[in-house]
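Take a look at the structure below.
What follows is calculated from the coordinates using simple rules that are stated; it is not laboratory data. Note that the structure is a prediction, hence the values are computed from the model and not measured. Here the Cβ is made from the backbone with ideal geometry for all residues, glycine too, and neighbour counts use every protein chain on show.
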Amino acid sequence: MLTLSGVNKTFYPGTPNERRALVDVGLEMAEGDFVTIIGSNGAGKSTLLNVIAGSIPADQGSIRINDRDVTKLSEHRRAAAISRVFQDPSAGTSPHLTIEQNLAVALTRGQRHTLSRGLTRARRKQFREELATLEQGLENRMTHRVGLLSGGQRQALSLLMASFTKPTVLLLDEHTAALDPERAELVLRLTQNVIADHRLTALMVTHNMEHALRLGNRLVMMHEGRIIRTLDPESKASSQVSDLLDMFGDAKDSLSDRTLLSS
Ligand SMILES: Nc1ncnc2c1ncn2[C@@H]1O[C@H](COP(=O)(O)OP(=O)(O)OP(=O)(O)O)[C@@H](O)[C@H]1O
Ligand SMILES: [Mg+2]
């Protein structure tokens, strides 16, 4: 379904600033897999998602989505298969457009022949129903500009928009990190619902180990550009945060930034 093999990415190669962001990364995901990714700052988590999305080209290795080699395809050409939600609530939506305009734009994203973005009565009805599932009352604010919404509401909207194109893969990069604990919980719940309702294959980066254990069916640990450990559904289900810290310690003898990981 999604297969990465031998993926390498080095920034500024051959210079004093050389950064090996991805080192021989391999990952095989089946349809419906939901992988959570943890690792310290600079471990390569965002680079991994960027390479999957095509916003950064891999130096070596291959990426296949549904048996199609997309390694050389531009980000734009992959857009129909991949949706993303970022940490910054302002990244996924257009603040100057209304909620319904944002949704209409999202609906046509990734389509080769852009359909009318017009807001027909039927489309508004569909949007209202979809928005109601977010339980934020946004279905009654469809003509409000998105810039007026709270961060949590914008992330909820971003998630809904990300599901619109029926992507094969959903990439979430610390998408709850900028939210207060209550909003983060809400957006996590919506995340689970959207993934289940649309039967998406998903990768979610988080620094919150408890979230990484609670969501998804598999877990990947990264350190210094490498996947240092993968937990299958059984071991993930039976692991605690303290186990994850122990595993990190085992995989990397002197992991100096445990506090960062658990924050
Ligand atoms: N566009 C870029 N140009 C140059 N270096 C980059 C770029 N993106 C990432 N890097 C470097 O690659 C390494 C991995 O960065 P990456 O952003 O993937 O880490 P991360 O695991 O997402 O970290 P964080 O938890 O802080 O978000 C880092 O050393 C970073 O400085
Ligand atoms: Mg990152």
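Remarks
- Any chance residue 203 is within 16 Å of ligand 1 (Cβ to nearest atom), in contact with a helix residue (DSSP H, G or I) (Cβ under 7 Å, 6 or more places away or on another chain) and under 24 Å from residue 236 (Cβ atoms): yes
- Residue within the stretch 13-20 that is surrounded by 14 or more Cβ atoms within 10 Å (Cβ to Cβ) and under 14 Å from the mean Cα position of the chain (by Cα) present: no
- Scanning the stretch 29-47 for residues that are away from ligand 2 (no atom under 16 Å from the Cβ), aliphatic (A, V, I, L, M) and not in a loop (DSSP other than H, G, I, E, B) yields one hit, 29.
- Entirely in the stretch 59-177, the helices (runs of 4 or more DSSP H) that have 1 or more residues that are under 30 Å from residue 220 (Cβ atoms) and in contact with a Leu (Cβ under 6 Å, 6 or more places away or on another chain): 151-164
- Entry remark, the stretch 1-51: residues being among the polar types (S, T, N, Q) and within 15 Å of residue 171 (Cβ to Cβ) number 4 in total.
- Subset tally (residues that are buried (at least 19 other Cβ atoms within 10 Å of the Cβ) and within 18 Å of residue 194 (Cα to Cα)) for the stretch 54-91: 7
- Filtered residue count, the stretch 26-44, keeping only those that are within 11 Å of ligand 1 (Cβ to nearest atom) and of a type in the set (A, V, I, L, M, F, W, C): 3
- Failed criterion for residue 69 (all others in (1) under 30 Å from residue 246 (Cα atoms); (2) more than 16 Å from ligand 2 (Cβ to nearest atom) hold): (1)
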